[in-house]
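Presented below is the structure to which this report refers.
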Amino acid sequence: MRIVAVFLSLLLSALPASAETVRLGDRSYEIQLPAEPRGAPLILALHGGGGNPVQFARSSGFGRAAVKAGYAVVFPAGTGRRGDRLLTWNAGYCCASAARNREDDLGFLARVVKDAQGRFGLGASVYLTGMSNGAMMAETFAARHPALVTAVAAVSGTMDTGSIRVREPVPALIIHGTADAMVPYAGGKGASSLTRTEFASVASVVRAFLAPWGSGLEQTDRQIDRRDDGTSVTVTDYQKQGRVILRLITIEGGGHNWPGGRKAGRLPANDGAVTQEIDANAEILRFFATHP
């Protein structure tokens, strides 16, 4: 009986203290809260194109990891023509009906932040992360509303740097695979892209987020290659006065996926590998912790 009790205790401690769906007009968000939500920092986690909050929370495992670290995590819902399952974000040049209809997703996310903070008594620190189209949206929101964002982390998605300027300094983490067949690392239309968008390059996003920091930046690089998985990782840190203000994690041979998460079944066969060298959840939470 003691073994069972210990097992149940460990199981319960790994689960979010509470989770619920919140309606906000004709939109909604899922929120997972830590045991003590009052004053907790908030993370908005944005699903990819064709995904939804429940799918992204399940496939990434991000909510569980972040709640355990003391964050409140919101999974907002994009919009779509097929109910609440195949949803997208209007990140300017992508994606699908959200972009065509010019959905005000910037305004929606701002309302989500205000509502979640007021409704659950959360703290002032707000972080954004996202996958693919969600990464584009997270970067776009950070660029347009830097005063609202403590830091941003993007996985496998690049914002429209041809049209968007980062207005003020925002710490940023960028994770992207060089063999991404959907959103190419070097930019352009991917061999298996589901849209005709000419995506911005990762390098242009790096330049965009570094620009507001001005001069005096120091760059360092380190390699991670511990697993025989067909990938290796280069971590490039840009520091200002000893503080990492932008981290680029380049996955050599990596594809369009959330490292450490479940690979989506609909991805093309010519997409790159799922790296075992890093875990996106751990990398994002580690970066956010350095920017309280």
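Short-range pairs are left out: with C-alpha atoms under 8 Å and at least six residues apart, the relative contact order of the chain is 14 percent.
Placing a label point 7 Å from the Cα of SER163 along the Cα-to-Cβ direction, the residues of the stretch 185-203 whose backbone N falls under 17 Å from that point are 188-189, 195-201. Extension gain, ASP104 to GLN117, is 2.6 nm, computed as 0.36 nm per intervening residue step minus the present C-alpha separation. Cβ crowding within 10 Å ranks ILE245, ILE224, ILE43 as ILE224, ILE245, ILE43, fewest other Cβ atoms first. Among the chymotrypsin sites (Phe, Trp or Tyr not before Pro) in the stretch 15-69, none sits in a DSSP loop with a Cβ that has at most 12 other Cβ atoms within 10 Å. Taking trypsin sites (Lys or Arg not before Pro) across the stretch 202-250, the ones in a DSSP loop with at most 13 further Cβ atoms lying within 10 angstrom of their Cβ are ARG226, ARG227. Taking 7 Å steps out from each Cα toward its Cβ at ALA203 and ASP228 produces label points 3.4 nm apart. Put a dot 7 Å past each Cα toward the Cβ at LEU148 and LEU24; how far apart are the dots in nm? It works out to 0.8 nm between the two label points. Per-residue ellipticity at 222 nm computed for the chain from its helices equals -8000 deg cm²/dmol, with DSSP H segments shorter than 4 residues left out and the rest contributing -39,500 (n - 2.57). Each of TRP89, TRP258 was scored by other Cβ atoms within 10 Å of its Cβ. Listed from fewest to most, they are TRP258, TRP89. Across the alpha-carbon set of the chain, the Rg to Rh ratio works out to 0.96, Rh being the Kirkwood radius. Amide hydrogen proximity for LEU24: with H placed 1.01 Å from N in the peptide plane, the residues at 5 or more positions away or on another chain lying under 5 Å are TYR29. Computed about the Cα centre, the dipole magnitude for the stretch 18-289 is approximately 620 debye when only Lys and Arg (+1) and Asp and Glu (-1) carry charge, each at its Cβ.
Only the coordinates and a few stated rules stand behind these numbers; no lab work does. The structure presented is a predicted model; accordingly, all values stated were derived computationally and were not measured. A quick note on method: Cβ atoms are made from the backbone with ideal geometry, for glycine too, and the neighbour counts reach across all protein chains shown.
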